1. Treating only the Cβ atoms of Lys and Arg (+1) and Asp and Glu (-1) as charged, compute the dipole magnitude of the range 116-257 about its Cα centre; round to the nearest 20 debye.
2. Taking 0.36 nm per intervening residue step and subtracting the Cα-Cα distance, what contour gain separates residue 96 from residue 140 on full extension?
3. How far, in nm, would the chain grow between residue 195 and residue 122 when pulled straight, counting 0.36 nm per residue and subtracting the alpha carbon separation?
4. Given R₀ = 30 Å, what would the calculated FRET efficiency be for residue 298 paired with residue 241, taking r from the Cβ atoms and rounding to 0.05?
5. How long is the gain from residue 257 to residue 208 if the chain were fully straight, where each residue apart is worth 0.36 nm and the alpha carbon distance is subtracted?
6. Based on the mean of other Cβ atoms within 10 Å per residue, sort peptides 327-338, 125-136 so the most packed one is first.
7. Could you tell me the calculated FRET efficiency between residue 180 and residue 387, based on Cβ-Cβ distance and R0 = 51 angstrom, to the nearest 0.05?
8. Taking θ = phi - 60°, what integer Hz values does the Karplus form 6.51 cos²θ - 1.76 cosθ + 1.60 yield along the range 150-160, in sequence order, with x for Gly and Pro?
Amino acid sequence: MLFLAIRQILSRPQQTLLTLIGILLGTAGYVMFSGIMLGFQTVMMEQLVNSDGQIKISPKDELITERTFEDVFFVGSEVHWLSPPSGRADNGRLTNVIGWMERLSKDDRVISYSPQLTREVIYLNGKNSSPSRLIGIDANRHGKVTNLETYVREAKLKDLNFGSSLGILGRGVLAKLGAKVGDTIQVLTPKGNTSPMKVIGVLNTGNRMIDDVTSYGSLPTVQSITGSSGEVSQIIIKITKVRDAASIADEWAYYSKDKVESWDQANESILSVFKTQDIVRNSTTFTIILVVAFGIYNILNMVVNQKKKEVAILRSIGFDGRDTIILFLIQGMILGFVGAVVGLLLGAFGCSMIEGIPLGSPKKDSVALIRSMVVSWDILIYIKAFFIAILSSTVASYIPARMASRLSPVEIIRGAT
């Protein structure tokens, strides 16, 4: 059976070659397209998951309404407002920091956590000034929760503990101030207080939205500079299973009035883009399957019409309908297998050529978040591409095979005469 299938395939080299080209191009296209899309998603997911806490505990934003003051000033009385109260309640600190830390320390699902205090300040250096978001962190814990350490230049996070007024400033902030590492600048707080701070490192994430407005100091330093002794505005947490972040956040939300939010809940808009990309990728895959399937169907359909005499001879020497179907299915599987293998090799070669292509400015000081093309080499991409090619080839071969199995040897011979 296998010998006959190979013989029929080789007897029509031009048609066979065209079929193989269609299969291998479809397979290679799927591998390259999926590699590029998933590579981009992998980089962005790593940024979302590891650049900040996987779960954040922060003060809940409470809006002031008419009901906020019910039974406060006039108990049991009906109050009519000439101008109804509105706005946000000023609540920039957690309600029970110690309680949260005790709970997190006992939870086996938590790898580490880090308290932090965020305040808006203005940096001054001579005549230059720059607004910034100053974040006070526990330098010993923060590196266990995020990958911030990888973006710090000329210093390490733990160096913030070696003094009382040390800071790591974003690259953009330093550029606006005209300052450099080793300089001492002034920090102006909303309360009007001014304090000195020595720059010991540079934050360079490659994202200007972060580097132009962000700076870090130790938690005690920020509390002292801003007059927020003992305050913590947020706790960021790293857990053992990233995919469980949303369910854990919902569970913890019942324990306190504080806001508990997971990384995926906070980045729903970005994740929706990933879902759109997956839909596009799956649609492209479906299109590739249709193109390959129709190509194989058309060629095998022509083969059935051209090989009617051979089919009649096979049927006359004992081949039944089932054997005829198997014969053509084997041909489709052979074409699918060869095309898939060559297509995988071609797709891998294409991915290797694409990976590393520079994006944005080629200069070393480029601020591009993704400096070069990133391609995913996930083995599942190649496994899926292989089985898609085999499956589409087999399914497309079934209809011509079934048609060949229904041919009557007597009618074929009579028609030939």
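1. Computed about the Cα centre, the dipole is about 220 debye.
2. Going from the current span to full extension adds 13.7 nm.
3. Here the segment from residue 195 to residue 122 would lengthen by 25.2 nm.
4. Step by step, r from the Cβ atoms, then E = 0.05.
5. 14.3 nm
6. Numbers: 327-338: 22.2, 125-136: 17.2.
Listed from highest to lowest mean packing, they are 327-338, 125-136.
7. Values: r = 57 Å, r/R0 = 1.12.
So the FRET efficiency works out to roughly 0.35.
8. So the Karplus estimates, Gly and Pro as x, are 5, 9, 8, 10, 6, 6, 10, 4, 5, 5, 5 Hz.
A short reminder: the numbers here are calculations on the coordinates, not readings from a lab. Here the structure is a predicted model, which is why all the values come from computation and not from measurement. Cβ coordinates were reconstructed from backbone atoms using ideal geometry, including for glycine residues, and neighbour counts include every protein chain displayed.
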